[in-house]
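**Student:** This is the structure, below, for whatever I ask next.
Each value in this text was obtained by applying a stated rule to the coordinates, not by laboratory testing. All of these numbers come straight from a predicted model, not from anything done at the bench. For neighbour counting, all protein chains shown are included, and Cβ atoms are generated from backbone atoms with ideal geometry for every residue, glycine included.
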Amino acid sequence: MTTVDEVLRYLNELDYPAARDEIVQEAEREGAPIEVLKALRGMPPVEYRNKDEVVRSAKTDIAQETPAEKAAKARDKKHQLVAEYLRNTT
């Protein structure tokens with residue numbers, strides 16, 4: 001994997017909004033290593049308005065859950081349930 005700083009290093013000259021393919025092409029022109037290109041190619045094929053959106057979508061090793069994502073997981077009790085056959089029946 002790569003870091004956010006590595007990804008951004010190769011996107012300094014990019015004008016936004018930009019589609020994923022344009023972002024990948026810019027990184028290739030700038031000589032980005034394969035790890036960066038893989039991270040960018042893993043993004044959804046949509047138009048990105050700025051670097052922040054790219055950073056949130058790129059597959060980097062330090063991609064953090066947003067507070068909203070953490071809260072949604074905390075509210076979702078489904079992932080906290082245990083299958084009935086695994087419950088202690090004694």
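**Student:** Starting from the Cα of residue 51, draw a straight line to each of the aspartates and glutamates and keep only those under 12 Å, dropping any in the same chain fewer than 8 residues away.
**Tutor:** 5, 13, 15
**Student:** Residue-wise, which Karplus ³J(HN,Hα) couplings in Hz belong to segment 13-22, taking 6.51 cos²θ - 1.76 cosθ + 1.60, θ = phi - 60°, and x for glycine or proline?
**Tutor:** Those phi angles translate into 8, 6, 8, 9, x, 8, 7, 3, 5, 5 Hz.
**Student:** Skipping prolines and chain starts, which residues have an amide H placed within reach, meaning under 5 Å, of the one on residue 2, given they are 5 or more residues away or on another chain?
**Tutor:** Long-range HN contacts for residue 2: 61.
**Student:** Identify the GluC sites (Glu not before Pro) of segment 15-73 meeting these criteria: DSSP loop state and at most 16 other C-beta atoms within 10 Å of the C-beta.
**Tutor:** 30, 65
**Student:** What distance in nm separates the simple spin-label points at residue 74 and residue 1, each placed 7 Å from Cα in the Cβ direction?
**Tutor:** About 2.3 nm separates the two model spin labels.
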